[in-house]
Amino acid sequence: MAKTALSVAIVDDDPSVLKALARLLRTRAFVPKTYLSGPQFLASLADGAPDCLIVDLQMPEMTALDLQHDLARKGVKIPTIIITAYDEAGMRERCQSAGAIAYLSKPVQAARLFAAIATAQQN
C-alpha cells in the first residue's frame, strides 16, 4: 500500500517566503498548503489538520506563540516548526516549552528544515 504524502501547512505573512518554502517542500514530495496569517490557518482546520506546521514567529495578527497557545487550548496537536528572522534571547526556549519541535532562523537552511520535518514525522 502506498504511503500518503505528508501535508505541511506554512503560515507566514510574507508571500515570497510562502512561495519559496512551498517550492522547497514540493522537491521532497511534501504537500504544502500556505496561509498568510494564524487566523486564516485556524479557519482551515475545519477541513482537517496538517501533519506538520511551519509558522513564522512574528506576524501582525497572531504570533507563532499565540497560535501554539490557541491550538493547545483547542486540544489540537500538530508538530510545529517555528521560523524567525529575528532571533531574540530566550525565544527558542519559550517556543519549545510551548510545544515547538524546532526553532529555525531565516533564511531557513533546507537540510535543517527537512531534519525538523523528519522529527515531526516521528511525533
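The values are calculated or read from the model by the stated rules, or taken from the named source; none is laboratory data. Remember, predicted model here, so these are calculated numbers, not experimental data. Please note: Cβ atoms are built from the backbone with ideal geometry, for glycine as well, and neighbour counts cover all protein chains shown. Heavy atoms of the whole protein, side chains included, go into the accessibility calculation; ligands, DNA and RNA do not. Shrake-Rupley method; radii C 1.70, N 1.55, O 1.52, S 1.80 Å.
Quick rundown of the values:
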item: Per-pair calculated FRET efficiency, R0 = 22 Å: GLN58 and ALA20 via Cβ, rounded to 0.05; result: 0.80
item: THR119 - accessible surface, heavy atoms, 1.4 Å probe, Å² rounded to 10; result: 60 Å²
item: Lysine pairs with alpha-carbon atoms under 24 Å apart, the chain, spacing 8 or more or separate chains; result: 7
item: Estimated dipole of the chain in Debye, rounded to 20 [Cβ of Lys and Arg +1, of Asp and Glu -1, Cα centre]; result: 540 debye
item: Fluctuation leader among ALA72, ALA100, ALA111 - the chain, Gaussian network, Cα springs under 10 angstrom; result: ALA111
item: Estimated distance in nm for a label pair at ALA72 and ALA43, the labels positioned 7 Å out from Cα along Cα-to-Cβ; result: 2.6 nm
item: Sequence of VAL11, VAL108 when ordered by accessible area, the most exposed leading, probe 1.4 angstrom; result: VAL108, VAL11
item: Taking the convex hull of Cα positions in the chain, its mean projected area over all directions (nm²); result: 7.5 nm²
